[in-house]
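A short worksheet on the structure shown next.
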Amino acid sequence: METGRTGVGASLIALDWGTSSLRGFLMGRDGRVLDQRANAHGIQNLPMPGIAGFEQAFADLCGDWMAAHPGLPVVAGGMVGSAQGWREAPYVRCPADTTTLASQAIPVESASGSRILIAPGVLYDPPSGPPDILRGEEIQIAGVLADRPDWGRDACMVLPGTHSKWVEIVGGRMIRFSTYMTGETFAVLCKHSILGRLMPADAAPAEAESDAAFAEGVRAAQASGPGDFTHQIFAARTLGITRRMPAELLKDYLSGLLIGHELVSGLGHMRNELHEGRPLLLIGEGALCRRYVRGLELLGVEPTDRLENTAPRGLFQFAVAAGLIAPAGE
């Protein structure tokens, strides 16, 4: 996929490099995206194994940008900095902000002569609980705070996805967060468990029916007690077997149940922090975020705002913090 035009005044190439996809952004001096591209060359789907695969993926996506704008700085965030990435950028500890990320960034020299600065992830390691990590979401958060520094004073940010993140922001820094494997659990249950056998792959239920099944799942999660989760997910089979729910709605029910459990837990952990006036922000892909908005609505909570792709702005801000480019407007 490719959109936009390269134009003039380019100041940065920014890469959002995940597990399954690679997205590139050619950015102007004011932080705007001049051109963008994406392909499936995430770190687990490179054109060839090893370092050569990263080199080839980078050249395929950005070669003409580099030729048109020699010497342009390049930054990257996401799984490209993991232990399985191009070069590992070790986690920095909470509390952390964009300046912290920039101070611990790791450079890699490409065969083309470009120097790529890779952002580290973030580690939350409380003494009274297990550790947790971010890798890529910290860049999205940096993008939000670059445009809305007022939200950085005190906010909760929820980033739905394969591994959903609930992040507390105080004083412009990430101070703690929790990860929920909601999206991955949903995929595994649908594809690799007995639940999926009743779920038609080509189901296209009416929107109202889909919403009703999703809402039933959320309400079941809301009414659950300790240890109920694995019992409740079996209902995604028994509701179909007894024909109390049409097969084409079982995925929606399961989605509501899983998202509902995440929301109940996340809101419970944040209960004391979600005081009146504190922003609750959703960041991520539109359709999935809309489900979270609906789930929150069913639980009596209204998010402050919903934002989609904040990674380009975050990568730009990371480059500014690293001293690679001047802040927008200078």
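In table form, for the structure just shown:
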{"item": "GNM result for the chain, Cα springs below 10 Å: residue of LYS191, LYS251, LYS165 fluctuating most strongly", "result": "LYS191"}
{"item": "GNM top mover of VAL144, VAL218, VAL188 - the chain, alpha-carbon springs below 10 Å", "result": "VAL188"}
{"item": "Under 14 Å, Cβ to Cβ, from CYS190 - net charge with Lys/Arg +1 and Asp/Glu -1", "result": "0"}
{"item": "DSSP-defined antiparallel bridges as percent of all bridges, the chain, nearest 5", "result": "70"}
{"item": "Segment 283-299 - phi-based ³J(HN,Hα) in whole Hz, Karplus 6.51/-1.76/1.60, Gly and Pro as x", "result": "10, x, 4, x, 4, 5, 4, 5, 5, 5, 4, 5, x, 4, 4, 5, 9"}
{"item": "Overall form of segment 24-117 per C-alpha gyration tensor (a/c, 1.5; a/b vs b/c)", "result": "oblate"}
{"item": "Cα long-axis angle, helix 311-321 against the chain (0 to 90 degrees, to the nearest 10)", "result": "40"}
{"item": "Cα-based equivalent ellipsoid, segment 130-206: semi-axes from gyration tensor eigenvalues, Å", "result": "34, 15, 9"}
{"item": "Charge dipole of the chain about the Cα centre (unit charges at C-beta), most positive-ward option of ALA321, CYS190, ALA96", "result": "CYS190"}
{"item": "nm² value of the averaged projected area, convex hull over the Cα atoms of segment 206-283", "result": "6.4"}
{"item": "Residue (of VAL108, SER255, ALA10) at the positive-pole extreme of the chain, dipole from beta-carbon charges", "result": "SER255"}
{"item": "Residue-wise HN-Hα coupling along segment 103-118, computed from phi with Karplus coefficients 6.51, -1.76, 1.60 (Hz; x: Gly, Pro)", "result": "5, 10, 5, 10, x, 9, 8, 7, 5, 6, x, 6, 9, 9, 9, 9"}
{"item": "Segment 290-330: Cα Rg divided by the 2.2 N^0.38 Å rule of thumb", "result": "1.83"}
{"item": "HN-Hα J in Hz across segment 126-134 - Karplus 6.51, -1.76, 1.60, θ = phi - 60°, x for Gly and Pro", "result": "x, x, 9, x, x, x, 9, 9, 10"}
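Each value in this text was obtained by applying a stated rule to the coordinates, not by laboratory testing. Remember, it's a predicted structure, so these values are computed and weren't measured experimentally. So basically every Cβ, Gly included, is an ideal-geometry build from the backbone, and we count neighbours across all protein chains shown.
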